[in-house]
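Colleague: I'd like to ask you about the structure that follows.
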Amino acid sequence: MAGDPDNTHRRPAHDHEGHNHGNGSDSERPSTAKQMKCPECGGILTYEPGSTHLKCPYCTAEFPIEQKKTEIRELDYADTVAHLEEDGATEEAFLVKCSGCGAEVKLGSNVTSDKCPYCATSLVVDQAVSKKALKPRYILPFHVGTKRTTELFRNWINSLWFAPNSLKKLARKDSGVSGIYVPYWTFDAATSTTYSGSRGDYYYEPETVMVERDGQMVRETRMVQKIAWTPAQGEVFVDFDDMLIIATPSLRREYAQALEPWDLDNLVEYDERYLSGFLSESYQIGPKEGFDRARERMAARIISAIEADIGGDRQVIDSAETSYRDVTLKHILLPVWINSYRYAGKVYSFLVNARTGEVQGDRPWSWIKIALFVMGLLAAFYGLSLVSGRFH
């Protein structure tokens, strides 16, 4: 469990008993993430969620992280894409690629194995690969801690209707949540969209129809709704600030969006000390593909703006052409607690926004419990029908 030294193969530097170094010592293999040792006892320092310091889990010594006033600066999108491969713009990272879902995860330098937080597949540091990627500029540190996340996980499982009994047992055990920093892009853009279409306005006309009244056909006048269509065209302007796009396919987009909103006003400059004790993932969706996805999300708001501009009761959009100006981006890391568990050969995930405590996830169903419930309902209805029949 990232952030919990009892479950991540971490030990103080002076205690090597039973520690698995794989095929070589730490100095013989690439380090996948920077880890800081406690100057008091040699243990690996971890970031304490919700705090501004690193803490040693062995001697409880604390070391503050200097807080600087963060001035958020965006990068020009076109310039960043054009010079993405140039020295200075990227950093080299050693990543373990999950053989199950393809996630590219950074592990601590003292960690020889772990499990993928997304699909629970074993990760082995000997399989680390080198990759150059754009450096993260900002980060939201973990705020919700392990204890609270474990409570949320157990409460969530216990609240599930028709959950298998074995899943309920899982809630009473160690939840196995992993803390991971997930890569995101944010995009700003000013847009202008010219459109053409039609405006529909309701109006009503009387219409005579034949209806049956007391066994006889009679004429009746009703007011019938109709639509008057008129051509419409124009231009709308919509500005976007911090359009958030997840930069990994490992976390399903619908879950990522369900974890929103994030308190992006509290972003701080990227500092590897916030990563100490946690996993982090490198982006697999680059800035160009990220902006393509951002435009998909922007389109919904643009369409709403067009419909409002057309007005009336109904709107039809025949064509719309959007231009984008002043496009900027930034690469950020956001904290998520994940518990991926296997049940009946399928992987299910529980997710927590580690800033707000928002919970999302999918779950297995006990079809036996559902069948018994349906059978109980049918039996109850049958019993009621018998009782009702006796009184008629």
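Colleague: If you average over every viewing direction, what projected area does the convex hull of the Cα atoms of segment 192-303 give, in nm²?
Modeller: Working: hull surface 59.9 nm².
About 15.0 nm², averaged over all directions.
Colleague: Could I ask something else about it? What is the Å³ per residue value for the convex hull set by the Cα atoms of segment 40-102?
Modeller: 219
Colleague: Take the alpha-carbon centre of segment 266-298, take the same for segment 43-61, and report the distance between them in whole Å.
Modeller: If we compute the Cα centre of each part, the gap is 24 Å.
Colleague: Rounded, prolate or oblate: which fits segment 211-258, taking a ≥ b ≥ c as square roots of the Cα gyration tensor eigenvalues, rounded meaning a/c under 1.5, else prolate when a/b beats b/c? Before the final figure, lay out each step's value.
Modeller: Numbers: a/c = 7.06, a/b = 2.22, b/c = 3.18.
The shape class here is oblate.
Colleague: I would also like to ask the following. In whole Hz, with x marking every Gly and Pro, tabulate ³J(HN,Hα) for segment 270-277 from phi via Karplus 6.51 cos²θ - 1.76 cosθ + 1.60, θ = phi - 60°.
Modeller: Values, residue by residue: 4, 9, 4, 5, 5, 7, 5, x Hz.
Colleague: Then there is this: So what J values fall out for segment 233-238 if you push phi through Karplus, 6.51 cos²θ - 1.76 cosθ + 1.60 with θ = phi - 60°, rounded to Hz, Gly and Pro as x?
Modeller: So the Karplus estimates, Gly and Pro as x, are 7, x, 9, 10, 10, 10 Hz.
Colleague: Can you list the residues, at least 5 places off or on another chain, whose amide H is less than 5 Å from the amide H of Glu358, using H built in the peptide plane?
Modeller: Counting only residues 5 or more places away or on other chains, the set is Asn353.
Colleague: Let me ask another. If contacts are Cα pairs under 8 angstrom and at least 6 residues apart, what is the relative contact order of segment 171-318 in percent? Before the final figure, lay out each step's value.
Modeller: Working: 208 pairs, mean separation 56.5, N = 148.
Relative CO of segment 171-318 lands at 38 percent.
Colleague: Please list, in chain and number order, the residues 5+ apart from Tyr270 or on another chain whose amide H is under 5 Å from its amide H, with Hs placed from the backbone.
Modeller: Counting only residues 5 or more places away or on other chains, the set is Tyr138, Ile139.
Colleague: If you don't mind, another one. How large is ³J(HN,Hα) for each residue in segment 284-299, as worked out from phi by the Karplus curve 6.51 cos²θ - 1.76 cosθ + 1.60 (θ = phi - 60°), to whole Hz, x for Gly and Pro?
Modeller: 10, 9, x, x, 5, 5, x, 5, 4, 6, 5, 5, 4, 6, 5, 4
Coordinate-derived values only; no laboratory data. Quick caveat, the model's predicted, so the values are computed rather than measured.
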